[in-house]
Amino acid sequence: MAAVQETIDQVALIDVDQYKYGFETKIEMDKAPKGLSEEIIRFISAKKQEPEWMLEWRLEAYRRWLTLEEPTWARVNYPKIDFNDIYYYAAPKSTPGPTSIDDVDPEILKVYEKLGIPLREQEMLAGVKTSRIAVDAVFDSVSVVTTFKEELKKAGVIFMSISEAIREHPDLVRKYLGSVVPTTDNYYATLNSAVFTDGSFVLVPKGVRCPMELSTYFRINEKNTGQFERTLIIAEEGAYVSYLEGCTAPQRDENQLHAAVVELVALDDAEIKYSTVQNWYPGDKNGKGGIYNFVTKRGDCRGKNSKISWTQVETGSAITWKYPSCILRGDGSRGEFYSIAVSNGHQQIDSGTKMIHLGKNTSSRIISKGIAAGVSQNTYRGQVSTHRRAENARNFTQCDSLLIGDKCGAHTVPYIEARNASAQFEHEATTSKISEDQLFYCLQRGIPEEAAIALIVNGFVKEVIQELPMEFAVEAQKLIGISLEGSVG
Amino acid sequence: MNMQTAITMTAAETALVDGYTAQIGELPGEGAVLSARDTLLADLRKQGLPTRRVESWHYTDLRALLRSVPAVDPTAFAQRVDPLVAGSSVLSVLNGKADTKGAPAGVNVRSYAESLVEGVAAADLVERDADDAIGRINGSFVRDGFEIEVAEGTELEQPLELQLVQSAGQSHTRFPVTFGANTKAVVIERHLSVSAAPSLVTTVCDLILDEGAEITWIILQQQGDADSHLAQVNFDLGTNAKLRLFVINAGGKLVRQEVHGVTTGEGSDFKLRGINLLGGETHTDVTFTLGHDVPNTTSTEIIRNVLLGRAKGVFQGQIRVAPDAQKTDAKMACNTLLLSDDADFSAKPELEIFADDVQCGHGATVIDIDATHLFYLRARGIPENKARAMLVNAFVDEIVEELEDEAVIEPLEAIIAAWLETHA
């Protein structure tokens, strides 16, 4: 398998401090003053030229947030965050908002080039890639460019930054924003509702199969800024969309905050496939720096026979707190969650999903693979529940953990709640280390230990990798190899 | 949790706090014992009963579920019943009053009231952790129980039955039990209720198994439909010690059985087998934690639940593997037959692993009776209700069969059959 060989090569090439997206770019930024207050929220709202209702919505969330306490139930430890020591808005001076590719600051374009994200449509058409991907590039607090907009428009698909959508399609945004993750949902979601700066908006109209993969690439560049993205994806009756999300940040000694909210709405017979490759800066090998990633992602299978599928590859962030969930409201709807969470160094991951069965004949499937190395802590936390009237709910959950080294921890905390006799839930979890037999087999054939581990790990996560769109699958495989670099010996 | 401090006390909380003031003069023990009780009660008053916000009580909101506490009833009358297994030695606790007569040879028994009076019990009266509501209530009010020592090398031919019979009111008892090296015994901890009047029973058993001890401990809980039963078993396994713990719940209105253990000796093995027969309005919670603290220890846990009527069932199981506890082998399974749309079951099987060379796993299932199994039996002319009963019986009987000793298996099977007869 070429991909496996590629992983081995990657692992062999890279040094101990392996984060390759850690570069910083000097770009003159337009920033709001540090700290959080109603003034800052008004400032953000004004910068984005938002309508009055949006500002009110934000302020209401902010007032509520002030009354909330930071949750402590997750298995992650970090010093208390000073929410007043963060910049909530930072935009490149040269490119304060979405624009055409020719007007984007060349420095920013260079950043994306370095990251390997294609922003020029013609480059993508030149045959470098086999399939085309429309990209919304979010740089700190603003979306700088969205590609293929015109072509998507012809198909009826709306794909733009959420700031633009608030201005151009206020009714749609107003109808759906906060309808899956209400402003009252949880501490970080409430904070996000108050201060979110950019993200993507997607609407695939009735009966349309989105002609290309959509993707958003998030980059945190500026020091001491928090990134608060907000993404909203709606698939109308019978529509289909596949959406990818990628993230990176520079290597810094301070921790930075990323608190995102993603809402998906699938109407009757619609399908949304949401894939994430999360590769925020994880901190150095001594646990210094890294992104705090507190994310609320939720999909609402609102229509009958709708389907939402989450696939995530989590390799970055110092702390991950993330539970992409599905509310299976429509009869016959289906939710899926495929996850690979790799932790190394001092990373702490507390991630999983929620499958909430409300409609009749709903089904869900959870495949979670956790890999812990170094002195990291890796927790799967998931909930499967049925409503009393949710007849014939089906769930299958499998969460496996692999431990590499004796200083790390792998934990599994599932919550299983059955309230209907016709429910059928199956849950399995295992934790083990890499089989010595398998390792011996590889070593004996002359494969070096680290490469052998990468090979075995790739086998372990294969079920999830297969769910990713092809371009991402290769990328994800490389990432996993890189993340585990230095975990042996 | 500090959030609860400002909340006004519920009827049950008030009854407990006021009850303490009323009883304090007659509770055995002074000095250190008294101050340990005071500390526990002060914590109970300060924190209140746990709510679902307390993670380990997430599915059993004791504050909401324990609506009232029956008054202490000194006039209540209870008497011994025949042992479950003919020929067993019986140590009885009648309405919370322990009778030390009946101990077999090699088993040294004294009443826990004496330990309280002498003050040696003071060291026991502490909380396991900040969420230990059972330890807190029991420790505040404990009046009696048994302190049992099984002498090194003792092998009991017949089971030892600890028979707790309750007719009304409250009883709070403790059982520190030490099994000496290489002892072998079957102990049946049996909870019965002989009246329809509501009662509150709390027990704490602290089991220590020395090197090579092989013990089977069976908890059979058959309290009444109005009773609250809050029980805790703590155990510590020495080198090569083996404990098989059977928990059978077939009664009670509000039941929480906690099992907390640690393996402190290499080569030790623990087995938990649970059968929860839940019908009517019961809320029954089995909460289990096990710390594999040293290398080379093993454990398996199998819990089978049958739910009917409006019953609510909870299983929480947590296996922890300490950083150096390599070669741990731990497997946990929780299988539930949910037979009623009004019943509900919640499970939280947890793994917390800090060592890499381990084999740990857990599985949890919730299903109705398999239609193909039912069809198989129906096709052979067995009426539906009978076929269902057979399948349910087979589901739990598998666990009982593991006891191997027919003398113990038979009466337990009879109890299960009788329960299914009246509830299904």
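The values are calculated or read from the model by the stated rules, or taken from the named source; none is laboratory data. Predicted model only: the values in this text are computed from it and were never measured. A quick note on method: Cβ atoms are made from the backbone with ideal geometry, for glycine too, and the neighbour counts reach across all protein chains shown.
Of all the criteria given as (1) under 18 Å from A:GLN312 (Cα atoms); (2) over 18 Å from the mean Cα position of the chain (by Cα), the one not satisfied by A:ILE416 is (1).
Restricting the search to strands (runs of 3 or more DSSP E) fully inside the range A:163-258 and requiring at least 2 residues that are of a type in the set (Gly, Ala, Ser) and surrounded by fewer than 24 Cβ atoms within 10 Å (Cβ to Cβ) gives A:240-248. Determine if the range A:171-194 includes at least one residue that is farther than 18 Å from A:VAL295 by Cβ and within 19 Å of the chain's Cα centre (by Cα). Within the range A:171-194, none of the residues are farther than 18 Å from A:VAL295 by Cβ and within 19 Å of the chain's Cα centre (by Cα).
Just checking, does the range A:142-152 include any residue being crowded, with 18+ Cβ neighbours inside 10 Å and at pLDDT 90 or above? No, the range A:142-152 has no match at all. Of the strands (runs of 3 or more DSSP E) lying entirely inside the range B:173-292, those carrying at least 1 residues that are of a type in the set (Phe, Trp, Tyr) are B:214-222, B:228-237, B:242-249, B:269-278, B:283-292. Taking B:GLY29, is it touching a Leu at 6+ places or on another chain (Cβ under 6 Å), assigned by TED's automatic domain parsing to the domain that holds B:PRO159 and in contact (Cβ under 8 Å) with a residue 40 or more places away in the chain? Taking the combined requirement at face value, the residue satisfies it. Of everything in the range A:48-85 that is touching a residue at least 40 places away in the same chain (Cβ under 8 Å) and among the polar types (S, T, N, Q), the residue that is nearest to A:TYR323 (Cα to Cα) is A:ASN77.
Just one residue in the set B:ALA364, B:ALA389, B:ALA371 is under 29 Å from B:ILE188 (Cα atoms) and surrounded by fewer than 17 Cβ atoms within 10 Å (Cβ to Cβ); that residue is B:ALA389. Answer with yes or no whether B:ILE303 is under 22 Å from A:VAL413 (Cβ atoms), at pLDDT 95 or above and out of contact with any Leu (no Cβ under 7 Å at 6 or more places or on another chain). When the stated conditions are applied, B:ILE303 passes them.
One residue stands out among those in the range A:416-438 that are surrounded by fewer than 20 Cβ atoms within 10 Å (Cβ to Cβ) and among the hydroxyl-bearing types (Ser, Thr, Tyr): the one that is farthest from the other protein chains (Cβ to nearest Cβ), which is A:SER435. Taking the criterion of being within 14 Å of another protein chain (Cβ to nearest Cβ) and over 20 Å from B:SER228 (Cα atoms), the only residue of the range B:27-53 that qualifies is B:ARG53.
Test B:LEU420 against the criterion of being touching a residue at least 60 places away in the same chain (Cβ under 8 Å) and among the aliphatic types (A, V, I, L, M), and give yes or no. Against the criterion (touching a residue at least 60 places away in the same chain (Cβ under 8 Å) and among the aliphatic types (A, V, I, L, M)), B:LEU420 qualifies. Looking only at the range A:414-448, residues that are of a type in the set (Val, Ile, Thr) and more than 30 Å from B:ASP370 (Cβ to Cβ) come to 2 in all. Out of the residues in the range A:394-408 that are crowded, with 24+ Cβ neighbours inside 10 Å and free of Cβ contacts under 8 Å to residues at least 60 places away in the same chain, which is nearest to the other protein chains (Cβ to nearest Cβ)? Among residues in the range A:394-408 that are crowded, with 24+ Cβ neighbours inside 10 Å and free of Cβ contacts under 8 Å to residues at least 60 places away in the same chain, the one nearest to the other protein chains (Cβ to nearest Cβ) is A:LEU403. The residues of the range B:72-106 that are loosely packed, with under 13 Cβ neighbours inside 10 Å and not charged (D, E, K, R), listed by number, are B:PRO74, B:THR75, B:PHE77, B:GLN79, B:ALA86, B:GLY87, B:ALA105. Comparison of B:VAL408, B:VAL392 shows that the only residue that is under 28 Å from B:ILE219 (Cα atoms) and under 21 Å from the mean Cα position of the chain (by Cα) is B:VAL408.
The conditions of being at pLDDT below 75, surrounded by fewer than 23 Cβ atoms within 10 Å (Cβ to Cβ) and among the basic types (Lys, Arg) are not met by A:LYS110.
Answer yes or no: is there a residue in the range A:447-456 that is facing chain B (nearest Cβ under 9 Å), in contact with a strand residue (DSSP E or B) (Cβ under 9 Å, 6 or more places away or on another chain) and within 27 Å of A:ILE349 (Cβ to Cβ). No: zero hits.
Scanning the range B:107-144 for residues that are in a loop (DSSP other than H, G, I, E, B), surrounded by fewer than 17 Cβ atoms within 10 Å (Cβ to Cβ) and not small (Gly, Ala, Ser) turns up B:VAL126, B:GLU127, B:ARG128, B:ASP129, B:ASP131.
Looking across A:SER385, A:SER363, A:SER343, one residue alone is crowded, with 24+ Cβ neighbours inside 10 Å and polar (S, T, N, Q). It is A:SER343.
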